[in-house]
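Let me begin by presenting the structure, written as structure tokens, before commenting on it.
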Amino acid sequence: MNELFYWGEDGQYGPYHRQDNGWPHAGEVMRDFRQQKGMSAGELGEVYGRVTHKEQQPVSARRMQQMEAENDVPADIERRRALASLLDIPPFLFGLASLEDVGMQPAGTQQVSPASRPATQSKKSMVVDLEDYNKFLTFCWAQHYNNTAHTFVSSLHKRIRTLEAFAQEVGGPQAEQAKNLLCPYHFLAIDIARDQRHYGMAFNHVNSLIGLAQELSKEDILATALLRCGLTNYEKRNYGAAAFNLKQALPFVEQARPQLKGYGLQTAGLVLSHMATTEQEKAFALKKMDEAYTIIRGNTLEEDGSCVKVTEGWYYFVRSKALIAQGRPKDAQHLSKQAERSIGPDQPRRYIFVEINQIYIYLALGYLPVATAAALHILEIAEAISSKHAVLQVAAIYKRLRTSEYKNHVDVAELGLKLGQVKARLSIV
């Protein structure tokens, strides 16, 4: 097994050794694709364990390294498929296709690019397993809600490009299926981009969604794209642009399913609260929140095709934020506590923003030592789920503490030190 080969129709993968059974060396393939994704063996073991073990226990980094070094990749097809899906490994490189589909070229030979392929060579029709794409998407959404999915961004983008090419090539019902699947891929990409403060990327996915919504004649997709665009502008503090996006979205929201209508109305209440300058404007913003509550209260609104997750606990959080924006921290505190009771540490991506909101209430009420202690705790969670948005929220809180009467306290100094360390580890400028 000394000779190395490039693999694939165009020799674009490798070089890897060839196993005795003719397949590429699975351990080398696994290590190569893991490193390309920037994942450590421990990170891969954690997500692999969640997918393959009933108890969702992580697999140790040592075990993952053993798979790679000793070519001890699981023989069980489902577990091997799970690894291939997590690392975006083409099936033919991982023993999950026919050997007839595996092309080989000795390392050092000239690789043939598609452009230089002889004109007489026929191009294979694209084949995309839409069920597999859907399973991968479901897994990534679960990771995003419960921990972090930013390590899968490159795979998401690659799959988006593949689905786009597939839809363009095949046409007909299959193309429509692919386009429908593209929508939640874009929604997830937007949410991850917002969390990582990659706002330009978020807007690019919004534009793609608007085009898809128009092609598919789906007003709910269009409305959700506009609402997410509004939230992106809101997070950038471009409140005027956010209000414009909401004005575009609300006519479509009015006739939408309860999930989307409740989501749209509570988003409108939040943005309008930030823009309100008169008591009349403040009351109008809260009226939108009231309309949302009549839909959300007591209902279990499961996530639908527009990837909107609405719960009573999250409503309390959003309304609390609206009240803080209106200068009513005492009224906001009660709702924030209700949100905490509904959204616990087992939902870290939502829980962390509930807690950040609580810190802003502490600041507004003058509870500076409590705010500082809470910020130190939240910073640990933000790093654990790699949320750059949350880290920068803590940075804004630290900035306020540095100009307060509490600025010279040792806890504030400790927060500044830890904040700098976390920003360095997450490459936040």
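Length gained on full extension, residue 61 to residue 255: 64.8 nm, using 0.36 nm per residue less the C-alpha separation.
In terms of surrounding Cβ atoms within a 10 Å radius of their Cβ, 206, 128 rank from fewest to most as 128, 206.
What is segment 136-267 by shape, rounded, prolate or oblate, if you read a ≥ b ≥ c off the alpha carbon gyration tensor as root eigenvalues and call it rounded for a/c under 1.5, prolate for a/b larger than b/c, and oblate otherwise? Oblate is the answer for segment 136-267, as a/c is 1.5 or above yet b/c matches or exceeds a/b. For the residue pairs 236/261; 37/388; 247/287; 37/158, the alpha carbons lie more than 21 Å apart in 236/261.
When Kirkwood radius over Cα pairs in Å is calculated for this entry, the matching label among [x] 26.8; [y] 24.0; [z] 23.1 is [y].
Taking Lys and Arg as +1 and Asp and Glu as -1, the other residues whose beta-carbon sits under 15 Å from that of residue 282 total +1. The alpha carbon gyration tensor of segment 194-301 gives principal lengths a ≥ b ≥ c with a/c of 1.5 or higher and a/b no greater than b/c, which makes the shape oblate. Segment 156-184 and segment 36-57 have Cα centres lying 28 Å from one another. Kindly state, to the nearest 0.05, the FRET efficiency for residue 376 paired with residue 328, given R0 = 30 Å and r defined as their beta-carbon distance. After rounding, the FRET efficiency stands at 0.65.
Between residue 162 and residue 217, the modelled label-to-label distance comes to 3.1 nm, taking each label 7 Å out from Cα in the direction of the beta carbon. Using only the alpha-carbon atoms, how far is helix 153-170 inclined from the longest principal axis of the chain? Give it as 0 to 90 degrees, nearest 10. Tilt of helix 153-170: around 70 degrees. Starting from one equal scatterer on each C-alpha and no solvent at all, send me the Debye-based log10 I(q)/I(0) for segment 297-429 at q = 0.12 Å⁻¹, two decimals. Result of the Debye calculation: -0.49.
Axis of helix 130-146 versus longest Cα principal axis of the chain: the two differ by about 40°, to the nearest ten degrees.
Modelled spin labels at residue 280 and residue 411, positioned 7 Å past Cα toward Cβ, are 4.4 nm from each other. Need the list of aspartates and glutamates near residue 218 for cross-linking: C-alpha distance under 19 angstrom, and skip anything on the same chain fewer than eight residues off. Within the straight-line limit of under 19 Å, residue 218 reaches these aspartates and glutamates: 164, 176, 254, 303, 304. For the chain, the 222 nm mean residue ellipticity estimated from helices alone, with every DSSP H stretch of n ≥ 4 adding -39500 (n - 2.57) and the total spread over all residues, rounds to -21500 deg cm²/dmol. On full extension, the segment bounded by residue 346 and residue 199 gains 50.2 nm, given 0.36 nm per residue less the C-alpha separation. Within segment 32-58, which residues have the backbone N less than 20 Å from the label spot 7 Å out from residue 135 along Cα→beta-carbon, could you tell me? Under 20 Å, as judged by backbone N against the label point of residue 135, lie 34, 44-58 of segment 32-58. Peptides 249-262, 222-235, 412-425 ranked from most to least packed, by the mean per-residue count of other Cβ atoms within 10 Å: 222-235, 249-262, 412-425. For the chain, find the longest principal axis of its Cα atoms and tell me its angle to the long axis of helix 312-325, 0 to 90°, nearest 10. Computed tilt is about 50 degrees.
No value in this document is a laboratory result; all are computed from the given coordinates. On a predicted model such as this, the values are computed, not experimentally measured, just so you know. Heads up, the Cβs are rebuilt from the backbone with ideal geometry, glycines too, and the neighbour counts pull from every protein chain shown.
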